[in-house]
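First the structure, in the form of structure tokens, and then the observations on it.
The values are calculated or read from the model by the stated rules, or taken from the named source; none is laboratory data. Predicted model, so just to flag it, every value in this text is computed and none were measured. FYI the Cβ positions are ideal-geometry reconstructions off the backbone, even for glycines, and counts take in every protein chain you see. Side chains included, ligands, DNA and RNA excluded: accessible areas come from the protein's heavy atoms. Shrake-Rupley method; radii C 1.70, N 1.55, O 1.52, S 1.80 Å.
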Amino acid sequence: MTAKQTLTFWFADLGRSDGDKVGGKNASLGEMVSRLQESGVNVPSGFATSAAAYWLFIDHNGLREKLTEAMAGLKKDHSNLEEVGDSVRKMILKGKFPGPLEETLCECYRDLSARLERDDLDVAVRSSATAEDLPEASFAGQLETFLNIRGERALLDAIKRCFASLFTNRAIAYRENHGFDHMQVALSAGVQQMVRADLSASGVMFSIDTETGFPDVVMINGTGGLGENVVQGTVNPDAYVVFKPLLEDE
């Protein structure tokens with residue numbers, strides 16, 4: 001496996017079993033791209049940085065011991081959470097990308113732009129933690145997403161900010177409360193083509209009833225515009241319940 005392959009993966013080459021490489025969100029995106037497009041479900045193209053890329057960045061900047069020490073200073077009552085979180089995020093944001101990683105990220109961005117016949121493609125840069133979307137844990141809404149990112153410099157900055165968002169105050173507190181080792185979780189950044197949010201709707205769909213576990217319905221919450229509005233709870237979305245057995249009658 002080449003250095004480039006270990007640092008980035010195209011969504012089309014990923015599946016649900018790759019959560020340890022690119023986190024739960026990006027692994028699921030890979031599953032959708034590789035399995036659903038042949039059925040006519042259009043999923044925007046893109047790539048993901050790997051867990052190895054995150055640790056390469058951390059070690060290149062000598063941050064592993066510093067982050068460990070900072071997290072060890074978090075008080076049990078979380079009274080200094082804001083101070084600790086702010087200091088850790090600043091450490092990461094001051095870091096520099098190692099040359100091979102920066103070159104690989106820019107090359108993938110140029111390749112993605114060329115595939116879609118665009119100059120400096122507008123992309124969404126989304127965070128995906130390796131401990132995300134597990135049966136016993138979910139980091140939904142705790143990590144950062146950056147939209148309408150354009151150009152290589154802006155892309156690198158957004159990826160670095162995604163790395164830093166692994167240590168938002170909410171994410172730190174969540175890991176503390178659920179017994180996750182902060183230094184055993186990595187962050188993958190998904191880089192995906194932006195779509196026209198003003199032409200249709202966006203939202204969240206679940207393949208079962210999330211309240212009861214009833215498997216024969218699909219639950220959809222949607223609204224016009226960006227999906228961030230639904231995820232962050234800034235709007236009251238329209239709700240739809242689809243009874244799966246009736247779809248077989250179509």
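The rows are residues; the columns are (1) more than 25 Å from the chain's Cα centre (by Cα); (2) open to solvent by 60 Å² or more (accessible area, probe 1.4 Å); (3) more than 19 Å from Arg126 (Cβ to Cβ); (4) without any contact (Cβ under 8 Å) to a residue 24 or more places away in the chain.
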site	(1), (2), (3), (4)
Ala186	no, no, no, no
Arg196	no, yes, no, yes
Gly203	no, no, no, no
Val218	no, no, yes, no
Gln232	no, yes, no, no
Ala239	no, yes, yes, yes
Subject >> Positions within the range 2-17 being at pLDDT 90 or above and either open to solvent by less than 20 Å² (accessible area, probe 1.4 Å) or assigned to a loop (DSSP other than H, G, I, E, B) (or both), in sequence order >> reply: Leu7, Thr8, Phe11, Leu14, Gly15
**OP:** Return a yes/no flag: does the range 141-151 have any residue that is over 26 Å from Val204 (Cα atoms), free of Cβ contacts under 8 Å to residues at least 60 places away in the same chain and not in a loop (DSSP other than H, G, I, E, B).
**Re:** no
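When you look at Pro237, is it under 28 Å from Phe146 (Cα atoms), of a type outside the set (S, T, N, Q) and out of contact with any Leu (no Cβ under 6 Å at 6 or more places or on another chain), yes or no? Explain how you work it out, then say what you get.
On the way: under 28 Å from Phe146 (Cα atoms): yes; of a type outside the set (S, T, N, Q): yes; out of contact with any Leu (no Cβ under 6 Å at 6 or more places or on another chain): yes.
Yes, satisfied.
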Subject >> Test: residue in the range 19-27 that is in contact with a Ser or Thr (Cβ under 6 Å, 6 or more places away or on another chain), outside any helix (DSSP H, G or I) and either in contact (Cβ under 8 Å) with a residue 60 or more places away in the chain or open to solvent by 50 Å² or more (accessible area, probe 1.4 Å) (or both) >> reply: no
**OP:** Identify the residue in the range 66-115 that is under 30 Å from Gly46 (Cα atoms) and among the polar types (S, T, N, Q) and, among all such residues, is surrounded by the most Cβ atoms within 10 Å (Cβ to Cβ).
**Re:** Thr104
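Could you tell me whether Lys90 is within 21 Å of the chain's Cα centre (by Cα), among the charged types (D, E, K, R) and over 19 Å from Thr145 (Cβ atoms)?
Working: within 21 Å of the chain's Cα centre (by Cα): yes; among the charged types (D, E, K, R): yes; over 19 Å from Thr145 (Cβ atoms): yes.
When the stated conditions are applied, Lys90 passes them.
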**OP:** Provide a single number: the residues in the range 28-45 that are in a helix (DSSP H, G or I) and either over 19 Å from Ala129 (Cβ atoms) or touching a Ser or Thr at 6+ places or on another chain (Cβ under 7 Å) (or both).
**Re:** 7
Original post:
Within the range 241-250, which residues are surrounded by fewer than 12 Cβ atoms within 10 Å (Cβ to Cβ) and β-branched (Val, Ile, Thr)?
Top reply: Val241
Original post:
Among the candidates Thr212, Thr130, which residue alone is among the β-branched types (Val, Ile, Thr), in contact with a helix residue (DSSP H, G or I) (Cβ under 7 Å, 6 or more places away or on another chain), open to solvent by 30 Å² or more (accessible area, probe 1.4 Å) and modelled with pLDDT under 95?
Top reply: Thr130
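Of everything in the range 39-65, what is at pLDDT below 95 and open to solvent by 40 Å² or more (accessible area, probe 1.4 Å)? Give them in sequence order. It would help to see each step written out before you state the result.
From the range 39-65, those at pLDDT below 95 are 39-45; that's our starting set.
Answer for the range 39-65, where residues must be at pLDDT below 95 and open to solvent by 40 Å² or more (accessible area, probe 1.4 Å): Ser39, Gly40, Val41, Asn42, Ser45.
Taking into account only those residues within the range 220-230 that are open to solvent by less than 40 Å² (accessible area, probe 1.4 Å) and farther than 17 Å from Asn42 by Cβ, which is farthest from the chain's Cα centre (by Cα)?
If we filter the range 220-230 for residues that are open to solvent by less than 40 Å² (accessible area, probe 1.4 Å), which is where we start, we get 222-223, 225, 227, 230.
Okay, now just the ones that are also farther than 17 Å from Asn42 by Cβ, so 223, 225, 230.
Working: Thr223: 21, Gly225: 20, Val230: 16 Å.
Per the criteria, the residue is Thr223.
Is it the case that Ala173 is touching a residue at least 40 places away in the same chain (Cβ under 8 Å), in contact with a Ser or Thr (Cβ under 7 Å, 6 or more places away or on another chain) and either open to solvent by less than 60 Å² (accessible area, probe 1.4 Å) or part of a helix (DSSP H, G or I) (or both)?
no
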Original post:
Does Ala53 satisfy the condition of being among the small types (Gly, Ala, Ser) and part of a helix (DSSP H, G or I)?
Top reply: yes
Original post:
Looking only at the range 232-245, which residues are out of contact with any strand residue (DSSP E or B) (no Cβ under 7 Å at 6 or more places or on another chain) and at pLDDT below 90?
Top reply: Gln232, Gly233, Thr234, Asn236
